[in-house]
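Take a look at the structure below.
The values are calculated or read from the model by the stated rules, or taken from the named source; none is laboratory data. Note that the structure is predicted; figures quoted are calculated from it, not measured. Cβ coordinates were reconstructed from backbone atoms using ideal geometry, including for glycine residues, and neighbour counts include every protein chain displayed. What goes into the accessible areas is simple: the full protein's heavy atoms, side chains included, and nothing from ligands, DNA or RNA. Shrake-Rupley method; radii C 1.70, N 1.55, O 1.52, S 1.80 Å.
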Amino acid sequence: HEQEFYEALNNINKTSEHLSNTIDDFRNFFSPNKEMNKFYISQLIKKSKDLIKSRFDKFNIKVIENIDDIEILSYQNELFQVILNLFSNSIDVLSSSQIENKIIYIKIYHDENNLYIEFLDNGGGIKDEFINRVFEPYFTTKHKSQGTGIGLYMSKILVDNNLKGTIFVENYKFLYNNIDYKGAKFNILLPINVDKK
């Protein structure tokens, strides 16, 4: 009986944590501190990595960066939310994956007007029947206790509306250290100067 009691408590904890995460998600999403500012993209990636470093360590995930750094004028908080969400999703996928070398790979480059962010992991990708639905509100492939299904939906709205860019996902095969991997690749296109959009 004692064990059942603790399991029930544990479930209550998980559920309330899940709900409070959802509320936080929405609170951040609607918060009015939408300040445009200049920032270096490499610093933003570093900031988001530092925040969740313990989770990378816990699951032995290697983050590889190939960043052609540039200063952009945009909404730093919004982009930070999006990057954090992509990291979080990849960690969730990789933490339950049997792959020995868990990788998140970020490639960032730019031309005169636009910044291109490619964000991929080797977690096996997204099932074909789901791939067109990942940006829908409340769509999640995770167990109810883990995923709100709101993260990618909000990320898309932030990118489309606030950051004046686009985001899409595809399954992608890549070679690393002579090993073939497959995973989901998120592509984000952003204006270097959001003011001009």
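Gaussian network model of the chain, Cα springs within a sub-10 Å range: biggest mean-square fluctuation belongs to which of Gln98, Gln81, Gln43? It is Gln98. Can you give me the % of accessible surface on the stretch 38-97 that is carbon or sulfur? Probe 1.4 Å, all protein chains present, nothing else counted. Solvent-exposed carbon and sulfur of the stretch 38-97 make up 47 percent of the total. Taking label positions 7 Å along the Cα-Cβ direction at both Asn171 and Lys47, the computed distance is 3.6 nm, reported to one decimal. Which residue fluctuates the most in the chain, going by a Gaussian network model with Cα springs under 10 Å, if the choices are Asp180, Asp69, Asp92? Looking only at Asp180, Asp69, Asp92, the biggest GNM fluctuation is shown by Asp180. Karplus-derived 3J(HN,Hα) values for the stretch 182-197, using 6.51 cos²θ - 1.76 cosθ + 1.60 with θ = phi - 60°, are 9, x, 7, 10, 9, 10, 10, 10, 10, x, 5, 10, 5, 5, 7, 7 Hz; glycine and proline are entered as x. Comparing mean-square fluctuations of Val63, Val82, Val159 from a GNM of the chain with C-alpha springs under 10 Å, the top value falls on Val63.
Given His110, Phe139, Phe186, which one lies farthest toward the positive end of the charge dipole of the chain, if we put +1 on the Cβ of every Lys and Arg and -1 on the Cβ of every Asp and Glu? Comparing the listed Cα positions along the dipole, His110 ranks first. Only one residue of Thr166, Gln3, Ile70 has its Cα farthest out toward the positive end of the dipole of the chain, where Lys and Arg carry +1 and Asp and Glu -1 on Cβ, and that residue is Ile70. With 31 Å as the limit, write out which pairs from Lys58/Lys107; Lys53/Lys196; Lys38/Lys107; Lys58/Lys197; Lys14/Lys197 have Cα-Cα distances beyond it, or answer none. Among Lys58/Lys107; Lys53/Lys196; Lys38/Lys107; Lys58/Lys197; Lys14/Lys197, the Cα-Cα distance tops 31 Å for Lys53/Lys196; Lys58/Lys197; Lys14/Lys197.
Annotation: per residue accessible area for the chain equals 60 Å², rounded to a whole number [probe 1.4 Å, protein chains only]. With both labels modelled 7 Å from their Cα along Cα-to-Cβ, the Asp160 to Glu35 distance reads 2.9 nm. Summarising the label geometry, the points placed 7 Å from Cα in the beta-carbon direction at Tyr109 and Asp57 lie 3.4 nm from one another. Mean residue ellipticity, 222 nm, helices only, the chain: the sum of -39500 (n - 2.57) across DSSP H runs of n ≥ 4, divided by residue count and rounded to 500, is -12500 deg cm²/dmol.
Here's how it looks for Gly124: its modeled amide H is under 5 Å from those of Lys182, Gly183, Ala184, which are all 5 or more places away or on a different chain.
Pop out the Kirkwood hydrodynamic radius of the chain from its pairwise C-alpha distances, inverse of mean 1/r, in Å to one decimal.
17.9
At R0 = 25 Å, how high is the FRET efficiency between Ser88 and Glu4 if r is their beta carbon distance? Nearest 0.05 is fine. Efficiency for this residue pair is about 0.20.
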